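First up is the structure itself, then whatever we jot down about it.
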Amino acid sequence: MTAHTKIPAAAKSVDLSRRGFLAVAGGAGLGLMVGLKVDPAAAQGAAGGVVQFNPFVKVAPDGAITVVVKHLDMGQGPTTGLATLIAEEMDADWSQMRTEFAPADGNLYANLAFKAQGTGGSTAMANSWEQYRTAGATARAVLVKAAADKWQVAQGEIVVDKGVLTHPSGKRGTYGEFAEAASKIPAPTGMAQETPYKDVAKFKLIGKEGLHRIDNDPKTDGTAIYTQDVKLPGMLVAAVAHSPRFGGKVKSFDDAEAKKVKGVERVVQIPSGVAVLAKSTWAAFKGRDALKVEWDFSAAESRGSDELLAMAKDAVSKPGVATATNTGDAEGALKGAAKVIEADYAFPYLAHAPMEPLNCVVDLKKDRAHLIYAAQFQAIDQPTVAALTGLKPEQVTIETVWAGGSFGRRAVPSADYVTEAVMIAKAIDGAAPVKLVWTREDDTKAGYYRPFYAHKVRAAIGADGMPIAWHHRVAGQSIFSGTALEAMAVKDGVDETSVEGASNLAYAVPNLKVELTTLKVGVPVLWWRSVGHTHTAHVVETMIDELAYAAGKDPVEYRLALLKDKPRHTAALKLAAEKSGWTAGAKLEKGKGRGVSVHESFNTMVAQVVDVSIQKDGSIKVDRVVAAVDCGVVINPDVVRAQIEGGVGFGLGAALRNAITLKEGEVEQANFDTYEPLRIEDMPKVEVHMVKSEQKPSGVGEPGVPPLAPALANAIFSATGERVRDLPLGDRKFKSA
Amino acid sequence: MPAGRWVRQTRSNMIKLNINGEARSVDVDADTPLLWVLRDEIGLTGTKFGCGQALCGACTVHMDGQAVRSCQTMAGDVGDAKIVTIEGLVGADASKEGKAVQAAWRALDVVQCGYCQSGQMMSAAALLTENKKPTDDDIDAAMSGNVCRCATYHRVRAAIHDAAKRLEA
């Protein structure tokens, strides 16, 4: 989801002060207390006496500091990042930090970028930057005050380093020793506001090398718990037969063979298909495969990919239904232009394909529902479950666990897979806890996808070679139309996620028009790591490259000339060019190519230089990618590196060979043989460089993806003279120029 | 497939397995994938389900030291073979390769979502048992069957070189 999308919620924005927290969490009786005693049994990994100082910080008597993480960690590292912010402000030792995922509670744990609880749009660190530092700084302040009171010294004389409090008199103690006393300190009004954050120059952890991921241990010894690993007493595992076409309904089914499978307990019809419940996962899968289901396709989407693409191509050959941007007079300027370049582009549906197929655990009782899964969008899921069950939202509790990847797939406006799990639990009247498990085939075939798109651009350059007009048409499905979020996200017929990255073209082009035609197709679509930028960046960055070549200019110099009022783009582009050894006019050896791109997404600028070799069989090998990123203040440089490396790999797999295609409405791909992710032998060397910045941090989960495909396409052009305007490359073969 | 063993075990309906050095007995059909025996019957959930078709490697375990995909290894075919899972690879009885791989993985912060990493580490340890000093090409060949959607490949390669160095020392 995009950072600028505001999602309304019942939740008010979080009051950062402890007083606000206590008013929410504790009621009047606790109003005078600074800390809130937490039920020791509920506190993870600590003995009794754990004190919670605010929604985000708990301290145990043994000194362990537990950070309550309000964001889903799907690999992008907010657990490490948020713990770093608290540890920094508390002057804690990294080894004393623990984490736990926050419950569903929009009052306490809203994403401040959405004003609703959820993770996406590369906002996890950006929206938490002040909130978590405040939480750490205020917890530190009362703990130091408790020590000062006990030691009868001035607070200002106490030094905290690596979690140890010391006083020049020789007194020494730990946070754990003072947690109990600190919990009884009356909270002076406005204390949170009076407690300053640490000065940037004094950071010991933020921005420093060598701070290892906090999830390294459980993820390298098999103990990290994902949804797939959850087992509740009496739990049944459910597998669902879905309609092979989107929008199909169950006409009838025969479960005689399914019920013969050892371990199968129940077979139930639900709105999304037929569910088999069994004592084990394998039995559920076998039972599901033994079902005979007849489908009613009368309301189903039954078109094929060729037909859909033809519709999109036709749409961009005509004026768009809506206009996203109109500056100057692009069409007029094109008419009189000496040199016009026109190009068409096509992008397929893409599946998220996280390593952990979708799943969700539901324990439904008369007066409550408890869900355990990798919750990414609690603000949608919790009220959806309440509506489905007739419970009140507060009777729906959500326990978040590690996600085996997501790339956007676990945050769904329709709450599709959560709904499916709840409908199964309802169908058996909550007789047993249910774990819904999708197979890889389900995950590939049952949607949601990055929408397919067609683009057409006509651009003109003047006598000096610089662009004078850019007329851009986009056609494809809208991610937000038809969802509960449509009203906020779609303005004047323009879903911003269809055009973002093109409608706000970074390059100085005096006449710019961007049109959109939104197509209605019955295939469910969703944000996919970097959303609209996944296709707009490709079009913009390959077209600007075409213009540079048409003007006879170096692609880096050409871009820089058009980015004079974009200092952050400029800095990232210059850094990538410098570190990659980019030399204007340099002649590469035959069969080698080098391409560049720079793109802003989620307030982060990323430039990439891609080196390719054309193989003997005409296929492409990517040898190296040099990336430069400006994401504001770097919280953990190695996590930034990891996210850009991962973004490069994610973008490359899709560019090389990924596409979801339909034949008469049925998805043609099923598993990793037909939708094959990038493999290790495809992975280039990746170097990541960071622009020094004092700006507020912005995201890194998504922005590494968009520049990859266009830089790759531009590199292929430099080696072969052939443009790549349709993705994926697939079996396309190239010849060295 | 050793037919005698299959018949014997199907009849008794109890399959005996050696998992991480412990004798286990499970009541499953012989054609149940080892993956689901480990996860659902024995409760060793470090071995992951990713594709069910031996296409992703998330379910990799060692069978007599060889990396195998447990989703395509049937319980009835295991026989006397020694099975080692991620829990055994890095647990109290960890092999030197297992310890080196885990140390390298942590030192280089390889993991992101982490879901595929048990399988990656099992394949890496099996490679290092056979090849003390793998090249990048050796690594790519041995690890090609282990998919990582977070694309941590760059670090997987570096960590295997690092583990090899640790084993040399």
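The values are calculated or read from the model by the stated rules, or taken from the named source; none is laboratory data. As the structure is a computational prediction, the values presented were derived from the model and not from experiment. Counting neighbours? That spans all protein chains shown, and the Cβs are built from the backbone with ideal geometry, glycine included.
Looking at B:Gly76, B:Gly114, B:Gly88, which one is among the small types (Gly, Ala, Ser), more than 7 Å from chain A (Cβ to nearest Cβ) and within 22 Å of A:Trp402 (Cβ to Cβ)?
B:Gly88
Do we have any residue at all in region A:689-702 that's within 14 Å of another protein chain (Cβ to nearest Cβ), within 22 Å of A:Thr444 (Cα to Cα) and surrounded by 22 or more Cβ atoms within 10 Å (Cβ to Cβ)? So far as region A:689-702 goes, yes, one or more of its residues are within 14 Å of another protein chain (Cβ to nearest Cβ), within 22 Å of A:Thr444 (Cα to Cα) and surrounded by 22 or more Cβ atoms within 10 Å (Cβ to Cβ).
Listed residues B:Lys165, B:Lys132; which is outside any helix (DSSP H, G or I) and more than 11 Å from every other protein chain (Cβ to nearest Cβ)? Steps first, answer last, please.
Numbers: B:Lys165 fails: outside any helix (DSSP H, G or I).
Among B:Lys165, B:Lys132, only B:Lys132 is outside any helix (DSSP H, G or I) and more than 11 Å from every other protein chain (Cβ to nearest Cβ).
Determine if region A:501-513 includes at least one residue that is under 18 Å from the mean Cα position of the chain (by Cα) and surrounded by 21 or more Cβ atoms within 10 Å (Cβ to Cβ). Yes, region A:501-513 has at least one match. Scanning region A:397-434 for residues that are farther than 11 Å from A:Leu371 by Cβ and within 14 Å of chain B (Cβ to nearest Cβ) yields A:Trp402, A:Ala403, A:Gly404, A:Gly405, A:Ser406, A:Phe407, A:Gly408, A:Arg409, A:Arg410. Checking each residue in region B:135-148 for being within 11 Å of chain A (Cβ to nearest Cβ) and either touching a residue at least 24 places away in the same chain (Cβ under 8 Å) or assigned to a helix (DSSP H, G or I) (or both) picks out B:Asp136, B:Asp137, B:Ile139, B:Asp140, B:Ala141, B:Ala142, B:Met143, B:Gly145, B:Asn146, B:Val147, B:Cys148. What are the pairs, 6+ residues apart or on separate chains, where a residue within region A:627-649 that is more than 22 Å from A:Gly581 (Cα to Cα) has its Cβ under 7 Å from a residue that is part of a helix (DSSP H, G or I) and of a type in the set (Gly, Ala, Ser)? Note: pairs meeting the criteria are A:Ile635/A:Gly81; A:Asn636/A:Gly81; A:Val639/A:Gly81.
Could you tell me whether any residue of region B:73-84 is under 19 Å from A:Met355 (Cβ atoms) and in contact (Cβ under 8 Å) with a residue 24 or more places away in the chain? Before you say what the answer is, go through the steps one by one.
Initially, region B:73-84 is screened for residues under 19 Å from A:Met355 (Cβ atoms), giving none.
So far as region B:73-84 goes, no, none of its residues is under 19 Å from A:Met355 (Cβ atoms) and in contact (Cβ under 8 Å) with a residue 24 or more places away in the chain.
Residues of region B:117-129 that are more than 8 Å from chain A (Cβ to nearest Cβ) and under 20 Å from B:Leu38 (Cβ atoms): B:Gly119, B:Gln120, B:Met122, B:Ser123, B:Ala124, B:Ala125, B:Ala126.
Out of A:Val261, A:Val274, A:Val316, A:Val267, report the one residue that is in contact (Cβ under 8 Å) with a residue 40 or more places away in the chain and not charged (D, E, K, R).
A:Val316
All conditions but one from (1) part of a helix (DSSP H, G or I); (2) touching a strand residue (DSSP E or B) at 6+ places or on another chain (Cβ under 6 Å); (3) charged (D, E, K, R) apply to A:Lys456; the one that does not is (1). If you check B:Ala159, B:Ala151 for being crowded, with 24+ Cβ neighbours inside 10 Å, at the interface with chain A (Cβ under 7 Å from one of its Cβ atoms) and touching a Phe, Trp or Tyr at 6+ places or on another chain (Cβ under 6 Å), only one passes: B:Ala151.
Just one of (1) of a type outside the set (Phe, Trp, Tyr); (2) in contact with a helix residue (DSSP H, G or I) (Cβ under 9 Å, 6 or more places away or on another chain); (3) within 14 Å of chain B (Cβ to nearest Cβ) fails for A:Asp91. It is (3).
The set of residues from region B:29-59 being surrounded by fewer than 24 Cβ atoms within 10 Å (Cβ to Cβ), more than 8 Å from every other protein chain (Cβ to nearest Cβ) and more than 18 Å from A:Met235 (Cα to Cα) comprises B:Ala30, B:Asp31, B:Ala54.
Return yes or no: is B:Gln112 crowded, with 24+ Cβ neighbours inside 10 Å and out of contact with any Ser or Thr (no Cβ under 7 Å at 6 or more places or on another chain)? No.
Taking region A:467-482 as the range and being assigned to a loop (DSSP other than H, G, I, E, B) and either surrounded by 18 or more Cβ atoms within 10 Å (Cβ to Cβ) or of a type in the set (D, E, K, R) (or both) as the test, the residues that pass are A:Gln477, A:Ser478, A:Ile479, A:Phe480.
Would you confirm, using the coordinates I've provided, whether A:Ala290 is more than 30 Å from A:Lys231 (Cα to Cα) and among the aliphatic types (A, V, I, L, M)? Criteria not met by A:Ala290. Of the residues making up region B:60-73, those that are away from chain A (no Cβ under 13 Å), under 25 Å from A:Leu678 (Cα atoms) and among the hydrophobic types (A, V, I, L, M, F, W, C) are B:Ala67, B:Val68. Among the residues making up region A:441-459, those that are within 14 Å of chain B (Cβ to nearest Cβ) and surrounded by fewer than 24 Cβ atoms within 10 Å (Cβ to Cβ) are A:Glu441, A:Asp442, A:Lys445. Looking across region A:222-250, just one residue is touching a helix residue (DSSP H, G or I) at 6+ places or on another chain (Cβ under 7 Å) and either without any contact (Cβ under 8 Å) to a residue 12 or more places away in the chain or at the interface with chain B (Cβ under 7 Å from one of its Cβ atoms) (or both), and that is A:Gly222. Determine which member of the set B:Cys59, B:Cys51 is closer than 22 Å to B:Asp140 by Cα and over 12 Å from the mean Cα position of the chain (by Cα). After applying the criteria, what remains is B:Cys51. A:Trp282: within 14 Å of another protein chain (Cβ to nearest Cβ) and either acidic (Asp, Glu) or in contact with a Gly (Cβ under 8 Å, 6 or more places away or on another chain) (or both), yes or no? Yes.
From the list A:Val57, A:Val50, pick out the single residue that is under 27 Å from A:Gln395 (Cα atoms), touching a Lys or Arg at 6+ places or on another chain (Cβ under 8 Å) and not assigned by TED's automatic domain parsing to the domain that holds A:Arg409.
Working: A:Val57 fails: touching a Lys or Arg at 6+ places or on another chain (Cβ under 8 Å).
Every option except A:Val50 fails the conditions.
Against the condition assigned by TED's automatic domain parsing to the domain that holds A:Arg473 and either touching a residue at least 12 places away in the same chain (Cβ under 8 Å) or within 22 Å of A:Val688 (Cα to Cα) (or both), how does A:Lys587 come out, does it pass? Give the steps one after another, and end with the answer.
Details: assigned by TED's automatic domain parsing to the domain that holds A:Arg473: yes; either touching a residue at least 12 places away in the same chain (Cβ under 8 Å) or within 22 Å of A:Val688 (Cα to Cα) (or both): no.
Taking the combined requirement at face value, the residue does not satisfy it.
Could you check region A:58-82 and list, in sequence order, the residues that are assigned to a helix (DSSP H, G or I) and within 14 Å of chain B (Cβ to nearest Cβ)? Matches in region A:58-82: A:Pro78, A:Thr79, A:Thr80, A:Gly81. In a residue-by-residue description of region B:74-82, the property of being in contact with a Pro (Cβ under 9 Å, 6 or more places away or on another chain), of a type in the set (D, E, K, R), at pLDDT 95 or above and within 25 Å of A:Val261 (Cβ to Cβ) applies to at least one position. Among the residues making up region B:91-111, a single one is away from chain A (no Cβ under 12 Å), part of a loop (DSSP other than H, G, I, E, B) and under 16 Å from B:Ile160 (Cβ atoms): B:Ser95.
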